[in-house]
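Below is one structure, written out as structure tokens; the observations come after it.
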Amino acid sequence: MDENLLLRILTDEASLEEQKDFYRKLKDNQEEEKLFYEIKSLWLRTSMHKTVVDVDSDFEILWRKIKQSKKQTTYTLARQIMRYAAIILVVLGFGGAAGYFISQNTFEYNDYGTQKFISRKGSVSIVELSDGTKVWLNSGTELTYKEDHKNKKRFAELNGEAYFEVTHRDDFPLIVKTGQIIIRDLGTTFNIKAYPEDNYIETSLVEGDVDILSENGKSLVALTPGESAMYFPKEKKMELRSISNNVLSAWRDGKFVIRDQRLEDIFTELSRWYDVEFRFEDEKLRDYRFTGNIKKSTTARHVLEMLKLTADFHYRILEKNTGPDMIVIY
């Protein structure tokens, strides 16, 4: 695995063509694929801001996983992980000035520190918070998290889409802020979609209970499993609807599940995943509707060809030297 390319992939500096080639080659080599996702997991954990990080502990966890394979493979893979991890530490600039600390065989945690997690475009990330809560982050999502032990509350702030499996504690509630609303966990599995460029915030409950509150703490609605609340900030309006679990789990399973959606809204989802921009030359095409399931592992061009089967449109791709490519719809 090329070290320079690996770092460009992790830091989201690789071109779209480099990313495609990298992931295509990765699929053909199981050991390299395993190595990459272990390194990516370490990268995500050590990219947290203002947090005390126990890198030695992380390596011990990796080591235990790797030791289950053959000795020779273990030795080689472990050495690779150590080499790449060393590069990552240099890139992140570990040390006091950067706000990071490496402990020796101990784990320290700053109660008032803030952790920050980012899922790059074209990827889904899984993180486990210090309280045991698991969170899936969709493409282009940022999540910050901190624990306030003095006031006995856990706080998270979300930009993007995330699926939460919350470790519930009556004495230590989780509060998630996104835009103009607050979601309070009452022992819950739920999904929040809150991309800043969208005109709505959607909260969907899988199991348990959640309360949706205004910024000043006023209760807006309490959801029951299978319900979804769409809040429109401009109109300050809330709409309730039912939603199935398979639609909520689709993005975590690597699929676009499209249910009678406008072409413009579909392209918004595609732009987040493939890091491209769309422009309509024919305004009428924005309201074309489509239903279907599409794997995210396919290319943007293939998705467009599938959409063309039912929606009568043409497209051309304008490649750019810098920034996302532009796809013109006409």
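The values are calculated or read from the model by the stated rules, or taken from the named source; none is laboratory data. Everything numeric in this text was worked out from a predicted model, so none of it was measured. Glycine gets a Cβ as well: all are built from the backbone with ideal geometry, and neighbour counts include every protein chain shown.
Residues in the stretch 236-251 that are modelled with pLDDT of 90 or more, out of contact with any Asp or Glu (no Cβ under 7 Å at 6 or more places or on another chain) and not hydrophobic (A, V, I, L, M, F, W, C): LYS237, GLU239, ARG241. Condition first: basic (Lys, Arg) and exposed (fewer than 11 other Cβ atoms within 10 Å of the Cβ). Now tell me which residues in the stretch 193-239 satisfy that. LYS218, LYS234, LYS236, LYS237, listed by residue number. Among residues of the stretch 116-158 being assigned to a loop (DSSP other than H, G, I, E, B) and of a type in the set (A, V, I, L, M), the one that is farthest from ARG252 (Cα to Cα) is LEU129. Residue count for the stretch 259-313, restricted to those that are in a loop (DSSP other than H, G, I, E, B), touching a residue at least 24 places away in the same chain (Cβ under 8 Å), among the aliphatic types (A, V, I, L, M) and out of contact with any Asp or Glu (no Cβ under 7 Å at 6 or more places or on another chain): 1.
Each row is one residue, and each column tells you yes or no for (1) surrounded by fewer than 18 Cβ atoms within 10 Å (Cβ to Cβ); (2) out of contact with any strand residue (DSSP E or B) (no Cβ under 8 Å at 6 or more places or on another chain).
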{"residue": "ARG252", "(1), (2)": "yes, no"}
{"residue": "ILE258", "(1), (2)": "no, no"}
{"residue": "PHE267", "(1), (2)": "no, no"}
{"residue": "ASP275", "(1), (2)": "no, yes"}
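Kindly evaluate GLU239 against the criterion of being in the same structural domain as SER204 (by TED's automatic domain parsing) and in a loop (DSSP other than H, G, I, E, B). In short, no. ASN159 passes every criterion in (1) more than 15 Å from GLY208 (Cβ to Cβ); (2) surrounded by 22 or more Cβ atoms within 10 Å (Cβ to Cβ); (3) at pLDDT 95 or above; (4) not hydroxyl-bearing (Ser, Thr, Tyr) apart from (2). Only a single criterion out of (1) within 22 Å of THR114 (Cβ to Cβ); (2) free of Cβ contacts under 8 Å to residues at least 24 places away in the same chain is not satisfied by VAL221, namely (1).
Pairing each residue of the stretch 1-23 that is assigned to a loop (DSSP other than H, G, I, E, B) with any residue that is of a type in the set (Asp, Glu) and modelled with pLDDT of 75 or more, provided the two are 6+ apart or on different chains, yields C-beta distances under 7 Å for MET1/GLU32.
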